[in-house]
Amino acid sequence: MTELQQQRVGTWVFGSALLLFYGTVYFFSPEVIPDFKYRMLGVISGLLVGLLSFLITGDIVVTVDATLSGGAKGGIKAAGGFGVGLLVVWWWSTGLTPYKSESQVREALQQAIASNGAQAVDVNKVTAVAVSRQVQELATKLADSDPAKYQSLKLLRAGKTIPVETFSTAVSTVQESAPQANVRGLSALFSEGIGPFKLGMQFTTVNQLLPQPYGVSNWHDLPVASEYKHADVHYFWLPLSNLRQMSAFYDALTPFHACWGGESYATFLFSEGKLSRISTRLYPDCSQRVDLLRQFADKYAIRPFDPNSPLAFQVTLPATTVAGYISRDAASLEIFANESPQLEPTDWPPSN
């Protein structure tokens with residue numbers, strides 16, 4: 001077999017392999033590909049295209065300049081094939097391909113959320129998050145690529161308006177890493193609750209600790225947090241000014257002392273009769289509420305802090321979560337048990 005015939009055979013072989021490769025990717029690969037597979041596809045694609053170009057370039061060289069030596073021809077072939085192969089690998093790395101890597105879609109989703117893709121709204125005086133169509137579409141793609149890993153992203157595609165807690169749970173799965181924070185400092189104050197109020201306490205015990213106990217002693221007489229349709233959550237609340245004399249509670253929330261009066265209050269939520277969440281809520285009469293939430297984040301080196309997102313920050317400790325929420329009319333610091341009930345899209349909007 002002559003050299004020309006060998007090149008033709010090689011061209012057919014690698015051309016068919018390249019066609020089969022792209023056909024397989026087109027018909028059988030998901031739209032979002034795990035990062036390591038995406039990189040492998042780029043390398044294999046570059047290798048096949050490079051080898052095919054090597055053979056085609058050889059034909060061109062022989063036809064155009066047959067006087068070149070074999071060594072020179074070989075050098076031109078190698079340079080041509082290698083260059084085209086690198087170009088294809090680079091093309092895969094740019095994200096211009098019809099397929100996207102997991103990290104590319106995750107980054108796009110983060111950017112979509114940051115670019116007003118999720119905005120705080122009020123539904124029956126309860127903070128919710130309105131999610132844009134772009135965020136829903138990206139969340140759907142990422143959830144379909146790895147249903148186990150991104151299960152919570154299904155919550156973002158379930159509806160345009162979702163509870164803020166549902167939003168924070170979903171967003172935490174697309175963060176590159178947990179926010180940096182002074183975890184030791186946070187744990188010292190919030191690993192069990194706030195001050196004398198420990199998550200897991202019976203509601204009667206919490207009530208007895210209050211300077212002015214809530215006027216209800218029976219569990220069923222407590223107000224019901226009706227937005228939790230699949231969990232029996234009750235609550236009571238009292239103004240922050242009433243808790244000033246509780247030094248352990250007051251001192252733990254030093255950054256918020258400027259709001260320690262007026263409309264701002266603390267809510268204690270209970271599940272199965274036990275304290276599951278403490279919510280410190282700062283209201284419009286305190287114009288510094290967002291700045292104070294930022295001061296809290298700065299005090300404990302919490303990064304990032306996003307004042308334009310309903311979820312300003314979130315740090316997960318071994319047993320509890322510390323989160324800051326921002327809505328149109330309020331800012332709140334939430335300390336809750338990691339296994340506490342969370343709102344589902346099917347629980348939204350609340351009926352009350």
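Every number in this text was worked out from the coordinates using simple rules, so none of it is lab data. Keep in mind that what you see is a predicted model, and the values were worked out from it rather than measured. Glycine gets a Cβ as well: all are built from the backbone with ideal geometry, and neighbour counts include every protein chain shown.
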Sort 322-335, 134-147, 238-251 for me by packing, meaning the mean count of neighbouring Cβ atoms within 10 Å per residue, highest on top.
322-335, 134-147, 238-251
Can you give me the relative contact order of region 183-347 as a percent, contacts being Cα pairs under 8 Å and 6 or more apart?
23 percent
Per residue of region 254-260, in order, report the coupling 6.51 cos²θ - 1.76 cosθ + 1.60 (Karplus, θ = phi - 60°) as ³J(HN,Hα) in whole Hz, putting x for Gly and Pro.
3, x, 9, 4, 5, 9, 7
Using Cβ counts within 10 Å as a stand-in for footprinting exposure, how do W219, W260 rank, fewest first?
W219, W260
Could you pull out every residue, at least 5 positions away or on a different chain, whose amide H is within less than 5 Å of the one on F236? Hs are placed 1.01 Å off N in the peptide plane, and Pro or chain starts have none.
F268
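Evaluate the charge dipole of region 218-313 about its Cα centre and quote only its size in Debye, nearest 20, assuming +1 on the Cβ of each Lys and Arg and -1 on the Cβ of each Asp and Glu.
For this selection, approximately 200 debye.
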Cross-link pairs K198/K229; K100/K229; K37/K154; K100/K299; K37/K229 - those with Cα-Cα distance over 30 Å
K100/K229; K100/K299; K37/K229
Per-residue Cβ contact counts at 10 Å, fewest first, order F313, F270 as F270, F313
In sequence order, what are the phi-derived ³J(HN,Hα) couplings for region 323-331 according to the Karplus relation 6.51 cos²θ - 1.76 cosθ + 1.60 with θ = phi - 60°, rounded to whole Hz, with x for glycine and proline?
9, x, 10, 10, 10, 4, 10, 8, 10
Relative exposure of T169, T94, judged by other C-beta atoms within 10 Å (fewest first)
T94, T169
Through the Karplus equation 6.51 cos²θ - 1.76 cosθ + 1.60, θ set to phi - 60°, convert the phi angles of region 212-225 into ³J(HN,Hα) values in whole Hz; use x for Gly and Pro.
10, x, 5, x, 9, 10, 9, 3, 6, 8, 5, x, 9, 7
